1. Out of the residues in the stretch B:468-486 that are under 21 Å from residue B:521 (Cβ atoms) and surrounded by 17 or more Cβ atoms within 10 Å (Cβ to Cβ), state the one that is farthest from the other protein chains (Cβ to nearest Cβ).
2. Considering each residue of the stretch B:408-463, count those that are part of a loop (DSSP other than H, G, I, E, B), free of Cβ contacts under 8 Å to residues at least 40 places away in the same chain and not polar (S, T, N, Q), and give that number.
3. Looking at the stretch B:129-140 only, could you name the residues that are away from chain A (no Cβ under 11 Å) and either touching a residue at least 60 places away in the same chain (Cβ under 8 Å) or surrounded by fewer than 19 Cβ atoms within 10 Å (Cβ to Cβ) (or both)?
4. On the given criteria, is residue B:503 at positive phi, assigned to a strand (DSSP E or B) and away from every other protein chain (no Cβ under 14 Å)?
5. Could you look through the stretch B:83-105, keep only residues that are among the charged types (D, E, K, R) and touching a strand residue (DSSP E or B) at 6+ places or on another chain (Cβ under 6 Å), and pick out the one that is modelled with the lowest pLDDT?
6. Does the stretch B:464-471 contain any residue that is under 26 Å from the mean Cα position of the chain (by Cα) and either part of a strand (DSSP E or B) or not basic (Lys, Arg) (or both)?
7. Of the conditions (1) in contact with a Leu (Cβ under 8 Å, 6 or more places away or on another chain); (2) under 24 Å from residue A:67 (Cβ atoms), residue A:132 satisfies every one except a single condition; which number is it?
Amino acid sequence: MKAKKITLLFLFICIVFSVNAQNKIPAVNVKTIDGATFNTANMVNDGKPIIIDFWATWCKPCVQELSAITDLYEDWQKVTGVKIYAVSIDDARNSARVKPFVNTRGWEYEILLDPNADLKRAMNVGDIPHTFLINGKGEIVFQHAGYAPGDENELYEKLLGCINPDVK
Amino acid sequence: MKKVLAVTLFFLTFPFLAKAQETNKFGAGEIHGNFQMMAQNYLVDSTIGAKEVSEKIRMNSFANLNYTNGNFKAGMRYESYEKALLGFDPRYNGSDITYRYATYTNDDLEFTIGNFYEQFGSGLIFRSYEERGLGIDNAMDGIRVKYKPTAGVYLKSIIGKQRFYFAKGEGIVRGLDAEFNLNEILSGFLPEFNSEKAHYTYILGGSMVGKYQADNDPIRILPENVAAFAGRFNFISDKFNFYTEYAYKINDPSLTNGFIYKKGEALFVSANYSVKGFSLSASAKRVDNMDFRSDRNADVNNLTMSFLPAISKQHTYALPAFYPYATQPLGEIGEQFELSYNFKKGSKLGGKYGTLVTINFSNANNLDTTQTGNEQGYTAAFFRKGETLLYRDLNIEVVKKISPKLKTTYTYMYQVFNKDRVQNVSGYGTVFANIAVFEMQYKINSKNTFRAELQSMRTKQDFGDWAVALAEYTVSPHWFFAALDQYNYGNAIAEKRAHYYSGSFGYTKNATRFIVGYGKQREGYLCVGGVCRLIPASYGLSLSISSTF
């Protein structure tokens, strides 16, 4: 029985590795902060880049990261037109806290709620924070796990790189 | 054997079929996944109670693979516990494929065969989820169909069995959930209901879940089918949010409730008001005999269907999280309030960079019950609290930026924790603790940052007083170094006044992380969301690697 399962695993790996790897955002239903169902296939920004940041109200480095970016967001938007989706994975214990939490801090991100971690799982995220950068064609070009102060500078460099591929 | 073959065939053919039909549209598919491993070497330390582990080294690891091609998705997870880290249930020992699924989606219909996770409403009667770090995984194995018949109407149906370590639970779980977004439904006929114009949203939902388990009890006559129902309502406007959900369960004699035939119920209400820089929120919860599992003989965190998290604030510092509250599914009544205000930059209290103040209070009591002496077990007053306090927590947090480089956080907390009742032990009584935490972060330059925490907990009960010091140095974007000491200086037993020191460093590149740690881990509860796991004391070297690709 176990040997069969291993065979199955290898078969599966063979199939999937025979295909080209692209990098698109998976289509998963999450909720907006206004209660509407939102399919992540609709994460678009008129051909400009997108950042997806997985966070939770109880995750200190996540809050640190989003607080650091909030001071820079206006400039980032002016230069690159980027739109940030902050996806909260708070479960039923804390999901009602998300909106007051965001408002008190004055965050201007697009907030999405993923209380049963469906999008988190679909994007293969382990521990949070975890940040994805998506270029204007909808391809994931960079991702980063964890946060240390200053990581936002690396993210911004990558962001500049994806609107103008000549800049490294 | 046949089953495996059929699954293999399905995995083999389906993507190609899907591809054949959609070649022009989608082309080839994509493969992604993640990998995580955590290994620990165990040394003996009699002062902290770290016992000998005969394997010396133990390791938990898993990898997920997900394949996507247009509307088709499939994936699997391989898990290996050789052997499971201390604190994980030994029934995890072993390695196997524990999760595999295939999903097909078109605009309005989605179906999944194999394993899936799902949640109805806030999860009062059904939540299937995973917390890998806690060893919790009650994934369903069966079939799920989601259907959106018209704008604003979302239907879900599920059937299957839940995961039980490397096997499946005995009970068959069936469920149906419907959600109606009234604005989306009505805006088709009445444009003023368009949520962008209306500035408010109404959402209604209802669910029904049943489990079947044969009655093999030689004495009792047990219900083989147990049904539960839940209804929810949500009102959302720009500034105001109101959510309520009520759940009802018919008689469900089980190991955890002592095989009583009483019905179960749960009520959750939450309201909040927030504008930029200010928020006020309140929530209340009443739970009465609502431990709902797909096997009536299951206990601890196994085969749960109901998800009943605590409503108290989830603390992240070590000492405030020392006595974590977990909901008592058999009976509790509790409430929680939070006020948060951001003093503006340039105001008297805000200083040059603003000051964020958050005050939070939560409380949980038992129910006011009367024993009936028959198979019903007890009756409980609906709105009256019982006399036993289970948990109380008053905490104030002030976040103050002093300069662009220096940020400080001050926390004070008063906590009452009924250890006997919450952790189901005896002889410890109730713990009263005063806790203070100071945190500072100093940004040396754009890449280098120093962070420190000083924590103190004063209590006359249980282990007595503790002090914690943490220092952390990070070099963005790759490195971190940390040193931690937790000192139980107030332990009533002099030889137990131990230092639990540890050091760690880590390297991150993009979505790959390596962390190496060495030191002593105190015994304690690790909690995520509503559930906790007891981690025994340990001493040794640890290595963890995680990567997303």
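1. Checking each candidate, the answer is B:486.
2. 8
3. B:134, B:135, B:136, B:138
4. So residue B:503 does not fit the description; no.
5. B:83
6. The answer is yes, given that some residue of the stretch B:464-471 is under 26 Å from the mean Cα position of the chain (by Cα) and either part of a strand (DSSP E or B) or not basic (Lys, Arg) (or both).
7. The one condition residue A:132 does not meet is (1).
Residues checked against (1) within 16 Å of the chain's Cα centre (by Cα); (2) away from chain A (no Cβ under 12 Å):
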residue: B:309; (1), (2): yes, no
residue: B:314; (1), (2): yes, no
residue: B:319; (1), (2): no, yes
residue: B:328; (1), (2): yes, yes
residue: B:348; (1), (2): no, yes
residue: B:353; (1), (2): no, no
residue: B:356; (1), (2): no, no
residue: B:360; (1), (2): no, no
residue: B:363; (1), (2): no, yes
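The values are calculated or read from the model by the stated rules, or taken from the named source; none is laboratory data. These numbers come from a predicted model, not from an experiment. Cβ atoms come from the backbone with ideal geometry, glycine included; neighbour counts cover every protein chain shown.
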